[in-house]
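Here the structure comes first, spelled out in structure tokens, and everything after it is commentary.
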Amino acid sequence: MTLGRAYGVGLVGLDGRMVEVEADIGQTLPSFVLLGLPDASLNEAKDRVRSAAKNAGLPLSRRRITVNLMPADVHKRGSGFDLAIVIAALAAAGDIRCSGRRVFIAELGLDGRLRPVRGILPAVMAAVDAGYPEITVAAANAAEAALVPGAAVTGFESLAEVAAYLGADPAGLIFPPQADGEATGSQEYADSPVPLPARDMADIAGQSEARFAVEVAAAGAHHLLMTGPPGAGKTMLAERLPGLLPDLPDDQAMEVTAIHSLVRGGRSCSQLLRRPPFESPHHTASSAAIIGGGSGIARPGAASRAHRGVLFLDEAPEYDRRVLDALRQPLESGRLDLHRAGGTASYPARFQLVLAANPCPCGLASGKGIDCTCTAQARRRYFSRLSGPLLDRVDLQLTVQRVSLRELSGDAEAEPSRDVARRVAAARGVQQERLRIWGCETNAEVAGNLLRGQLRLPPRATAALDRAMDRQTLTARGYDRVLRVAWSVADLAGHTSPDADDVGQALGFRQQGGAA
């Protein structure tokens, strides 16, 4: 036999595409040719697989080996094709028997060990969706690969073990393949990410209005801006928001885990990430760090890593304005399409944006502001970095005042996160039941035409909101966002629909920040 075949998966962002790996043994002088538009790291596989096969006791043929990655007109990237290439080459030489539609995804070390690769979860998802459920990976990736429903995963420590499983003996003897589940080698998988330390709402003294705003944001998945002097508790409130959110259901947990599979390097997840993620990049972070970027195909940034969770930007006016404005598109669509010369990568980015800002550069312009040393121009320039179009997309805009001594030293115990989380979970359940027929899960996702149509409120409930619209202190987008928040306030209160007080409270949250 002079032709061998195996299968791999090529990833562009989270989208996987099946790649057929063909190997041919020629009769000419020794060489190794790799076709199919490989990138630099993949082109180096020619030397890696030769050394790996030799050290595994299965040296490749010394004749000409031609490997073709199909479809040949699509760029292939990464070292995850190493195992498929060497299996196809060994099959072409008749050293192993590889039939069927088995997929091989692993990097090879020079000693023949299988090394884990990033993005194993989306790659396996793509293979199963394409009808290739039999997957062979490095042992360190096996637990993560097995998270995909319908995947029949085998994990190995070395190329020699894979070859033995497929019916070859490194000494040259052929014996029947082992049954599924009998693979040898260690299968100790990396642990899931270490959870963040518990941050409880009970740690926050006072701030009843701010606490309720965070609860409303959690209930309806609303974006939040908190403005106030240093030390008022803005960061503490933001860090406790993820603890109020319910666990992710299976489909959302799979999305989140797939994204983190791409950015965790060779480390593997042994279980789905059920808790909503929390990302808090430093204010010096670049657009590539927050939105996504890098050479070749763009990698996910903090906005995508925060998918189904919280993206917290502390000291928000200190961020580059272009970085902040780049968030406007995913705030509306819930996705990021990153176009680069090497191709277009699309990542989900449906996150809750939480912004914290001081009132001025020195932070002392709150209250009477008599201690503030900033000029009026400096104040305007500082806060103008948060553009009007960005603030227009933020549902809750809250002014957080300093805690008084009475609140700080009071005997009353603050309500813990577990009690608030129960109300949030109940409100989320009401929303899902109400919005299921329209394909929405939270109030933040409800379209404006639905709010003004089937979910239209009576004029007596929206009177104050209508007056604000007539005075042009609200945009059309702002009008809809107040209605969404009003529904969340009503859900927390157990109302069947928002009344005038619910709408008034939502409008008050909207107007505190001073943006329409």
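The values are calculated or read from the model by the stated rules, or taken from the named source; none is laboratory data. Fair warning: this is a prediction, and the values are worked out from it, not measured in the lab. FYI the Cβ positions are ideal-geometry reconstructions off the backbone, even for glycines, and counts take in every protein chain you see. The area values use the complete protein model at the heavy-atom level, side chains included, leaving out ligands, DNA and RNA. Shrake-Rupley method; radii C 1.70, N 1.55, O 1.52, S 1.80 Å.
For segment 438-490, the Cβ-based charge dipole about the Cα centre amounts to some 180 debye (Lys, Arg positive; Asp, Glu negative; other atoms uncharged).
For segment 67-108, a/c is not less than 1.5, where a ≥ b ≥ c are the root eigenvalues of the C-alpha gyration tensor, and a/b tops b/c. That puts it in the prolate class.
Taking 15 Å as the straight-line reach from the Cα of Lys54, the aspartates and glutamates in range (excluding those fewer than 8 positions away in the same chain) are Asp82, Asp95, Asp111, Glu161, Asp169.
Give the calculated FRET efficiency between Ser286 and His75 to the nearest 0.05, with a Förster radius of 30 Å applied to their Cβ-Cβ distance. So, using R0 = 30 Å, E works out to roughly 0.75. Applying the Kirkwood pairwise sum to the alpha-carbon positions of segment 455-515 produces a hydrodynamic radius of 11.3 angstrom.
Surface exposure of the chain, expressed per residue as accessible area with a 1.4 Å probe, stands at 44 Å².
If the segment from Thr28 to Ala152 were pulled out straight at 0.36 nm per residue, it would be longer than the present Cα-Cα gap by 40.7 nm. Note on segment 280-334: Rg/Rh from Cα positions, Kirkwood definition for Rh, rounded to two decimals, is 0.94. Rolling a 1.4 angstrom probe over the chain with all protein chains present gives an accessible area of which 51% lies on carbon and sulfur atoms.
In whole percents, the pair-distance distribution calculated for the chain from its alpha-carbon pairs, binned every 10 Å from zero, is 4, 17, 23, 19, 14, 11, 7, 3, 0. Charged side chains reduced to their Cβ positions (Lys and Arg at +1, Asp and Glu at -1) give the chain a dipole of some 1300 debye around its Cα centre. Just to be sure I understand: of the beta bridges DSSP finds with both ends in the chain, what percent are antiparallel, rounded to 5? Of all bridge pairs located within the chain, approximately 50 percent are antiparallel. When only the Cβ of Lys, Arg, Asp and Glu is charged (+1, +1, -1, -1), the dipole of segment 206-292 relative to its Cα centre reaches about 280 debye. Which of the three applies to segment 319-361, rounded, prolate or oblate, going by the alpha-carbon gyration tensor with a ≥ b ≥ c and a/c under 1.5 meaning rounded? Taking the square roots of the gyration eigenvalues as a ≥ b ≥ c, segment 319-361 is oblate. Express the Stokes-Einstein translational diffusion coefficient of segment 293-409 in µm² s⁻¹, to the nearest whole number, given a Kirkwood radius over alpha-carbon pairs, 10 °C and a viscosity of 1.306 mPa s. Stokes-Einstein gives a translational diffusion coefficient of 97 µm²/s.
Rolling a 1.4 Å probe over the protein heavy atoms leaves Thr284 with an accessible area of roughly 100 Å². When each of the peptides 402-408, 138-144, 91-97, 445-451 is scored by the mean number of other C-beta atoms lying within 10 Å of its residues, the order from highest to lowest reads 138-144, 91-97, 445-451, 402-408. Relative to the globular-protein estimate of 2.2 N^0.38 Å, the Cα radius of gyration of segment 351-438 stands at 1.57.
Prolate is the label for segment 1-73, because the ratio a/c of its alpha-carbon gyration tensor axes (a ≥ b ≥ c) is 1.5 or higher and a/b is greater than b/c.
With helices as the sole contributors, the chain gives -10000 deg cm²/dmol at 222 nm; each DSSP H run of n ≥ 4 counts as -39500 (n - 2.57), and the sum is divided by every residue. Every Cα-Cα pair in segment 52-153 was counted, and those over 16 Å apart are 60% of them.
Take every DSSP beta bridge whose two residues both sit in segment 304-357; close to 60 percent of them are antiparallel. Each of the peptides 424-437, 290-303 was scored by the mean count of other Cβ atoms within 10 Å over its residues; in descending order, highest first, they stand as 290-303, 424-437. Per-residue accessible area (protein heavy atoms, 1.4 Å probe) orders Ser417, Ser99 as Ser99, Ser417, starting from the largest.
Restricting to bridges with both residues inside segment 281-423, how much of the DSSP beta-bridge set is antiparallel, in percent to the nearest 5? Around 65 percent of the beta bridges assigned by DSSP in segment 281-423 are antiparallel ones.
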